[in-house]
Amino acid sequence: MNSLTSLWRYRYALRNLVTYDLKVRYKKSVLGFLWSLINPLVLILTFLVVFKYIWQNPEPNYTVKLFTTVLAWRFFSGAVLDGAKSVASRLALVKRVSFPRVVLPATKLISNFVDFVLALGVLALFFAAARVTVNWPYLPLAVSALVVQIVFSFGLMLILAAVSVFYSDVEFVAGNLLQMLFFLSPVLYPARLITQHPMPQLFKTLYFLNPVAPWMMAYSSVLPGHEPAVLLPTYYTFFSISIAVALVTLVVGVRLFERMEPSFAKEG
């Protein structure tokens, strides 16, 4: 786990790279950081028109629920996809400068987290404007889900970043798998649709074994009527499995990254 400890030793370099990454991301952009807010808003409005007004979803507080889960998903998918190409896109730097390469995917994780925090500010305003009652007892669960999501995301980022240096197809495969996972997780629709569906129990179990599903249910739990243990009595079992998967993914990611790191400079 030397890679993780090196992040603290190189924290100033990491901070500078995050600042540079954020500046480059919005360079020559008139609205700058506002795009981190506009992009998810456009996405949410599109889904809202389709699923609330065309599909006529009767779910209460659906707009706020959609806002919450889409922002969380956007942070997850954005970090993973950016992390997948974080090393391969900076091979020139890797060959010239000696530094822990783990800093590169960590930079992408933090810069995407900054975007997420900015978007959360808008979400808080939206909650206030819509006068939505917050399920305060479930807020710690939502925060716990965010921590688990970050751990899982970083593990995936390390795996993809290491492998994509040698196989450029990884980025495209990851994009397609994430798109599939998006629709197999309760982001656009409530978990209630799955728990109440007459499908075989085996399929329901497989669905909730998806590590993303417990996070999304945790985020939704801050809204009344979305209490996860009520919708799914075994919810905390699945959430515990999600935590275990996140930790295993991080360990595997760190080990794989450290093993392949010496070969990065030899590529290209």
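Between the range 172-213 and the range 1-20, how far is it from one alpha carbon centroid to the other, in angstrom?
35 Å
With loop defined by DSSP as not H, G, I, E or B, and exposure as at most 14 other Cβ atoms within 10 Å, which is the longest segment of the chain clear of exposed trypsin sites (Lys or Arg not before Pro)?
132-268
HN-Hα J couplings of the range 117-125 from phi, Karplus 6.51/-1.76/1.60, θ = phi - 60°, integer Hz, Gly and Pro as x?
These are the phi-based 3J(HN,Hα) values: 5, 4, 5, 5, x, 5, 4, 4, 5 Hz.
Hey, any idea what Rg/Rh is for the range 82-176, computing Rh the Kirkwood way over Cα pairs? Intermediate values should be presented prior to the final figure.
Details: Rg = 17.4 Å, Rh = 15.5 Å.
Using Cα coordinates only, the ratio equals 1.12.
List the residues whose amide H sits under 5 Å from the amide H of Asn135, counting only those 5 or more places along or on another chain, with H placed 1.01 Å from N in the peptide plane.
Long-range HN contacts for Asn135: Leu223.
Note down the relative contact order for the range 17-266 as a percent, whole number, built from C-alpha pairs under 8 angstrom at least six residues apart.
On the way: 266 pairs, mean separation 67.6, N = 250.
Taking the mean separation of contacting Cα pairs over the length of the range 17-266, I get 27 percent.
So for the range 17-266, Kirkwood radius off the Cα pairs, Stokes-Einstein at 25 °C and 0.890 mPa s: how many µm² s⁻¹?
Diffusion coefficient, whole number: 128 µm²/s.
Mind listing which chymotrypsin sites (Phe, Trp or Tyr not before Pro) in the range 67-114 are in a DSSP loop and have 15 or fewer other Cβ atoms within 10 Å?
Of the chymotrypsin sites (Phe, Trp or Tyr not before Pro), not one in the loops of the range 67-114 has a Cβ with at most 15 other Cβ atoms within 10 Å.
Could you pull out the pairs from Lys23/Lys65; Lys85/Lys204; Lys85/Lys266; Lys65/Lys204 whose alpha carbons sit more than 27 Å apart here?
Lys23/Lys65; Lys85/Lys204, as the Cα separations exceed 27 Å there.
Where a number appears in this text, it was derived from the coordinates with a stated rule and is not lab data. Quantities reported herein were computed from a predicted structural model and do not represent experimental measurements. Here the Cβ is made from the backbone with ideal geometry for all residues, glycine too, and neighbour counts use every protein chain on show.
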